[in-house]
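Participant: Would you mind keeping the following structure in view while I ask a few things?
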Amino acid sequence: MKTIKLISIALGIVLLSSCEGFLDVKPSNSAAAETSITNVNDAKVAINGLLRKMTSSDYYGRNFLMYGDAKGGDFAIRSQGRGLDALYTFNHSASSNSYSGFWSQIYHNILQANNLIKNIEKIEADGKGSVSLSEYKGQALTLRALMYFDLVRLYGKPYNMDKTSLGVPLVLEPLDATAQPTRATVEAVYTQILADLTAAEPILSKAVGTVAIKGYVNYYANKAIQARVYLTMDRFADALAAAEAVITSNKYTLYANDKWVGSWSLQFGTESILEFAVYPSEADLLTGSLGYYLLRQGKVTGAMGWFMASDYYLARMNQDATDVRKGIMDYDESSTTRFGACLKYAGVDLKGDKGTASAVNVKVIRLSEVYLIAAEAALRQPTPDMTKASNYLNAIRKRAPALLPSTAATVTLDMIIDEKSKELFAEGIRYFDMIRLNRDIEFNDEFISPAVQIPHRTKIINRTFYKTILPISQSEMDANPAIASQQNPGY
């Protein structure tokens with residue numbers, strides 16, 4: 001795999017496909033030069049290309065979602081040496097297992113978004129804009145905000161831990177080839193994230209009907225991302241308002257219990273607010289797909305049982321034997337009774353809508369997450385609304401029908417966070433929740449067989465452990481000497 005440095009991406013950014021080896025090929029679904037976007041059709045092509053790149057194996061196609069659960073305590077590994085083990089063992093350094101693909105791929109995407117935004121703004125400045133054209137700018141702004149949100153959580157300390165510490169470089173314009181951008185503070189990055197989201201919101205609100213256009217960003221995806229961001233910043237009243245804008249719109253509906261399992265074999269279901277499409281002929285990672293990483297060894301040809309549910313996750317699920325979410329689990333290689341393998345990204349029938357266990361769409365934000373954001377935000381806002389918190393929690397908790405519903409008197413943050421674990425397993429959320437909440441993370445190391453030593457972390461960690469954020473890779477520092485003095489502490 002070739003590595004693209006941030007400053008080298010500046011050279012002909014939209015001529016590059018990704019960091020996956022297609023460096024000399026003009027992709028068929030991306031705009032090719034600063035002047036190539038002249039109308040709505042060009043903008044749509046550019047957005048299609050950007051959405052495609054976000055399903056790279058170095059981003060939402062696999063590694064980013066794996067990062068959120070492998071490090072969060074809900075995953076365990078049966079054996080080392082099968083791939084991505086360093087995410088679980090925290091075996092990271094600037095020169096080894098730095099996962100620099102996150103940095104290079106996401107910045108590649110950001111610079112493509114910048115190109116699209118600037119070109120549309122030029123057209124608008126010439127008086128040739130339209131609502132349809134501006135909508136693509138709103139989509140690009142929203143996606144840029146999401147990408148910076150992901151980057152700052154990978155490389156910067158939690159906002160509520162130290163917002164004055166270093167985040168990531170803010171690159172908002174096409175880069176000159178000699179540019180050497182340096183890291184902005186965590187606070188500055190979050191300020192830009194909110195600026196992009198709030199700038200995009202009124203643009204997308206003019207096209208609310210696009211909620212029916214599957215696979216693209218719309219007004220409600222923007223509001224759902226806002227809810228995530230505000231929750232991470234401990235701005236609970238804002239998080240609740242953004243979440244309720246989605247919930248009360250009635251544009252999306254929660255799955256009934258008898259529909260939840262089957263939804264994982266379908267594209268663009270009623271809960272899906274932002275979903276990235278993966279097709280057999282485009283973006284399909286085949287045996288390297290997320291779905292294959294979560295199947296038990298030998299379930300299908302190429303599946304090796306890389307990651308499976310931890311004992312701690314299964315203990316939460318086993319609180320109710322009738323929990324409908326057990327239906328998306330399958331027995332793992334350790335026994336025929338331990339249901340630790342996950343079928344979310346292979347389809348419960350291993351075929352889904354596309355007849356393949358690998359080309360399964362990535363559900364980035366679902367309505368169930370928004371309900372649980374609303375529950376936490378209602379509970380933790382300056383004047384808690386315990387009734388709202390309980391009601392929003394129960395809307396998801398009813399998927400475990402044998403559990404007693406919460407009440408305004410019994411609802412707790414622990415109940416909400418446990419419910420998020422059960423509902424959003426393998427969706428890349430758990431680790432970021434534990435880190436922002438400053439909670440200990442315990443790993444199921446005893447499940448590794450044969451037993452091995454893990455020298456790069458202890459069994460229980462918290463966010464003071466320096467490896468809870470990634471290092472800037474040595475190759476990036478070599479390419480951009482200006483950032484070399486800004487390495488994360490401990491590396």
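Participant: Got a sec? Which helices (runs of 4 or more DSSP H) wholly within segment 385-462 have at least 3 residues that are among the aliphatic types (A, V, I, L, M)?
Facilitator: Counting at least 3 such residues, we get 386-397, 413-423.
Participant: Then there's this: From the list Asp234, Asp238, Asp162, Asp258, which one is over 28 Å from Leu379 (Cβ atoms), out of contact with any Cys (no Cβ under 9 Å at 6 or more places or on another chain), modelled with pLDDT of 95 or more and not aromatic (Phe, Trp, Tyr)?
Facilitator: Going through Asp234, Asp238, Asp162, Asp258 in turn, the sole match is Asp258.
Participant: Output the residues belonging to segment 205-219 that are buried (at least 24 other Cβ atoms within 10 Å of the Cβ) and either among the small types (Gly, Ala, Ser) or not in a loop (DSSP other than H, G, I, E, B) (or both).
Facilitator: Tyr219, the sole residue that qualifies.
Participant: Here are some residues: Leu87, Leu116. Which one is hydrophobic (A, V, I, L, M, F, W, C), buried (at least 22 other Cβ atoms within 10 Å of the Cβ), under 16 Å from Gly428 (Cα atoms) and modelled with pLDDT of 95 or more?
Facilitator: Unique residue meeting the criteria: Leu87.
Participant: What is the one condition in (1) buried (at least 19 other Cβ atoms within 10 Å of the Cβ); (2) closer than 14 Å to Gly156 by Cβ that Gln486 does not satisfy?
Facilitator: The one condition Gln486 does not meet is (1).
Participant: I'm trying to understand the selection: among the residues of segment 176-190, which are surrounded by fewer than 20 Cβ atoms within 10 Å (Cβ to Cβ), among the aliphatic types (A, V, I, L, M) and part of a loop (DSSP other than H, G, I, E, B)?
Facilitator: Within segment 176-190, Ala177, Ala179 meet the criteria.
Participant: Follow-up. Between residues in segment 76-105 that are in contact (Cβ under 8 Å) with a residue 24 or more places away in the chain and residues that are of a type in the set (Lys, Arg) and part of a helix (DSSP H, G or I), which pairs lie under 7 Å by C-beta distance while being six or more apart or on different chains?
Facilitator: The qualifying pairs are Phe90/Lys467; His92/Lys467.
Participant: I'd like the full set of residues that are in a loop (DSSP other than H, G, I, E, B) and at positive phi, limited to segment 336-361.
Facilitator: Step one: of segment 336-361, the residues in a loop (DSSP other than H, G, I, E, B) are 336-340, 343-351, 355-361.
Listed by number, the residues that qualify are Gly347, Leu350, Gly355.
Here's the yes/no breakdown for (1) at pLDDT 95 or above; (2) over 20 Å from Ser310 (Cβ atoms):
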{"residue": "Pro384", "(1), (2)": "yes, yes"}
{"residue": "Asn391", "(1), (2)": "yes, yes"}
{"residue": "Met415", "(1), (2)": "yes, no"}
{"residue": "Ala426", "(1), (2)": "yes, no"}
{"residue": "Ile441", "(1), (2)": "yes, no"}
{"residue": "Pro450", "(1), (2)": "no, no"}
{"residue": "Thr464", "(1), (2)": "yes, yes"}
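Participant: Right, something else. Does Gly73 qualify as being touching a residue at least 60 places away in the same chain (Cβ under 8 Å) and closer than 30 Å to Pro455 by Cβ?
Facilitator: yes
Participant: Given the structure, is Gly352 surrounded by 24 or more Cβ atoms within 10 Å (Cβ to Cβ), of a type in the set (Gly, Ala, Ser) and either over 13 Å from Ser263 (Cα atoms) or in contact (Cβ under 8 Å) with a residue 24 or more places away in the chain (or both)?
Facilitator: no
Participant: Further question: For segment 289-327, give me each residue that is hydroxyl-bearing (Ser, Thr, Tyr) and assigned to a helix (DSSP H, G or I). Spell out how you get there, then give the answer.
Facilitator: Keep residues of segment 289-327 that are hydroxyl-bearing (Ser, Thr, Tyr), which gives 289, 292-293, 301, 310, 312-313, 322.
Tyr292, Tyr293, Tyr312, Tyr313, listed by residue number.
Participant: Now a separate question. Considering each of Glu173, Glu121, Glu135 in turn, give the residue that is buried (at least 20 other Cβ atoms within 10 Å of the Cβ), farther than 30 Å from Thr464 by Cβ, among the acidic types (Asp, Glu) and in contact with a helix residue (DSSP H, G or I) (Cβ under 9 Å, 6 or more places away or on another chain).
Facilitator: Answer to the check: Glu135.
Listed here are the residues, each with its yes/no results for (1) part of a helix (DSSP H, G or I); (2) within 19 Å of Tyr148 (Cα to Cα).
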residue: Asn222; (1), (2): yes, yes
residue: Ile225; (1), (2): yes, yes
residue: Tyr230; (1), (2): yes, yes
residue: Glu244; (1), (2): yes, no
residue: Thr253; (1), (2): no, no
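The values are calculated or read from the model by the stated rules, or taken from the named source; none is laboratory data. Since this is a predicted model, take the numbers as computed values, not measurements. FYI the Cβ positions are ideal-geometry reconstructions off the backbone, even for glycines, and counts take in every protein chain you see.
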